[in-house]
Amino acid sequence: MSDFLTLAVDLGAGLVLVATGLAFIRLIRGPSLPDRVVALDMMTVTIVAFCGVAAIRFDEPAFLDVALALALVGFLATVALARFAERAKARRMKAGEEGP
């Protein structure tokens, strides 16, 4: 790899790691369930991006297979968490209507 490409890939990996750390902080701090779902989705996207950068850096296409599998699992997890949040909201609204 050329020096410029190596520098760009290393810089990209560093920025992706910073983004993952910031998303992790949002995942921990919240404050609400939708914030945490979006943070988890953001972490998935950044980890997929890191796999892409690693595939370029180490010239190993197997990282792209890992990225694809992780993207699919991340999508399904986001859909499942969104459905959970919607059902929890519906239950809270129903309980509020039936309450005193």
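The values are calculated or read from the model by the stated rules, or taken from the named source; none is laboratory data. Small disclaimer: the values here were computed from a predicted structure and weren't measured. Every residue, glycine among them, receives a Cβ derived from its backbone with ideal geometry; neighbour counts consider all protein chains shown.
Residue-wise test of (1) touching an Asp or Glu at 6+ places or on another chain (Cβ under 9 Å); (2) surrounded by 14 or more Cβ atoms within 10 Å (Cβ to Cβ); (3) closer than 30 Å to LYS89 by Cα; (4) modelled with pLDDT under 95.
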site: PHE4; (1), (2), (3), (4): no, no, no, yes
site: ALA19; (1), (2), (3), (4): no, yes, yes, no
site: ARG29; (1), (2), (3), (4): yes, no, yes, yes
site: LEU40; (1), (2), (3), (4): no, yes, yes, yes
site: THR46; (1), (2), (3), (4): no, yes, yes, no
site: PHE50; (1), (2), (3), (4): no, yes, no, no
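Residue check: VAL53 meets all listed conditions (1) closer than 30 Å to ASP10 by Cβ; (2) of a type in the set (Val, Ile, Thr); (3) free of Cβ contacts under 8 Å to residues at least 40 places away in the same chain but one, namely (3). Of the residues making up the range 52-70, those that are small (Gly, Ala, Ser) and surrounded by fewer than 15 Cβ atoms within 10 Å (Cβ to Cβ) are ALA62, ALA69. Look at the range 10-37: where a residue is at negative phi and of a type in the set (Lys, Arg) and a partner is surrounded by 11 or more Cβ atoms within 10 Å (Cβ to Cβ) and not in a helix (DSSP H, G or I), sitting 6+ places away or on another chain with Cβ atoms under 8 Å, you get ARG36/GLY30.
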